[in-house]
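J.: Just passing along the structure, written as structure tokens.
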Amino acid sequence: MRVWKLVAILPLIQCCALSQTGIDPKVLEKANAGDSFAQVYVALSYDLGKGVEQDHALAAQWFKKAADLGDTSAAVYLGADYEDGKGVPQDYAQAASWYLKAAEREDPWGERNLALLYLSGNGVAKDPTVAAKWLRKASEQGFSDAQYRLGGLHCLGVGVPQDYTEAYFWLDLALAGKLSPEAHESAISMKALAQHHLSDEKVGKIQERATIWFSQHPPSEYGKLPPSSSPPP
């Protein structure tokens, strides 16, 4: 789970307001005054050791401050810390709790990460049906990784009825977005499997549906940069 955090923050490293000797005093002042956006930024500084000595425990403390104020990205980061045992004791139940807080505010990372816990049974009772529900919510926001996983569930009939039409549709959307190399390869294979069970006419209709979907949904940045991860003004 930690990998996405590191990938997502690369743009921040390139344009951050940190010096080599510490956090920008103005940003720290905002964080101490209760600005959740600044708190997430400070947390990420400690998480990555950018401008300050790396301190995952302190990062988790700042994430919690922001999460307690309702910042969904902070809740996702804190959930990932609990899932990984980074800066806090590993606690899947706590991870699920923080992911749920973000998911209930329609944060696609929270929805996707919570779904994965329901698929694995870590911190929650294993329930592929609930997992599919959260993946669909994230998928409808244009989150490619969630679309890939939802397509896979439809292809295999896990948590949802086996439906090659739905599988092909969501995998087609996912492949048009950003996926890890492994997920991209897997999505291609599952899409081919789904297509094997569909007529050419059916595939054409699905592709028309996908075209309409893209016309109604602007390109999403989910899977690239979580909300509230850029430097505060």
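The values are calculated or read from the model by the stated rules, or taken from the named source; none is laboratory data. None of these values were measured; they are calculated from a predicted model. Cβ placement follows ideal geometry from the backbone for every residue including glycine, while neighbour counts extend to all protein chains displayed.
J.: Return only the number of the condition from (1) surrounded by 14 or more Cβ atoms within 10 Å (Cβ to Cβ); (2) aliphatic (A, V, I, L, M); (3) modelled with pLDDT of 95 or more that Ala192 does not satisfy.
T.: (1)
J.: Pairs under 7 Å by beta carbon, first residue within 17 Å of Ser144 (Cα to Cα) in region 191-218, partner small (Gly, Ala, Ser), six or more apart or different chains?
T.: As it stands, the answer is His217/Gly142, since those pairs meet every condition given.
J.: Hey, another quick one. Taking region 156-170 as the region of interest, how many residues are closer than 18 Å to Ser120 by Cα and part of a helix (DSSP H, G or I)?
T.: Of the residues in region 156-170, the ones closer than 18 Å to Ser120 by Cα are 156-160.
If we keep only those that are part of a helix (DSSP H, G or I) too, we end up with 156.
Looking only at that region, the number is 1.
J.: Right, here's the next one. Here are some residues: Glu166, Glu182. Which one is exposed (fewer than 15 other Cβ atoms within 10 Å of the Cβ), out of contact with any strand residue (DSSP E or B) (no Cβ under 6 Å at 6 or more places or on another chain) and among the acidic types (Asp, Glu)?
T.: Glu182
J.: Residue by residue through region 103-127, note down the ones that are of a type outside the set (S, T, N, Q), out of contact with any Leu (no Cβ under 8 Å at 6 or more places or on another chain) and under 22 Å from Gly142 (Cα atoms).
T.: Once the filter is applied, which keeps residues that are of a type outside the set (S, T, N, Q), out of contact with any Leu (no Cβ under 8 Å at 6 or more places or on another chain) and under 22 Å from Gly142 (Cα atoms), region 103-127 yields Glu104, Arg105, Glu106, Asp107, Pro108, Trp109, Leu116, Leu117, Tyr118, Leu119.
J.: Quick one: in region 85-97, which of the residues that are of a type outside the set (S, T, N, Q) and more than 16 Å from Gln61 (Cβ to Cβ) is surrounded by the most Cβ atoms within 10 Å (Cβ to Cβ)?
T.: Step by step, filter region 85-97, then rank; the result is Ala95.
J.: Now for a separate question. Looking at Gly151 and the list (1) modelled with pLDDT under 95; (2) in a helix (DSSP H, G or I), which single condition is not satisfied?
T.: Failing condition for Gly151: (1).
J.: A further question on this structure: Applying the selection to region 112-135, what residues are surrounded by fewer than 21 Cβ atoms within 10 Å (Cβ to Cβ) and of a type in the set (Lys, Arg)?
T.: Of everything in region 112-135, those that are surrounded by fewer than 21 Cβ atoms within 10 Å (Cβ to Cβ) and of a type in the set (Lys, Arg) turn out to be Lys126, Lys133.
J.: Check Asp24, Asp55 and return the single one that is more than 19 Å from the chain's Cα centre (by Cα), modelled with pLDDT of 95 or more and of a type in the set (D, E, K, R).
T.: Result of the check over Asp24, Asp55: Asp55.
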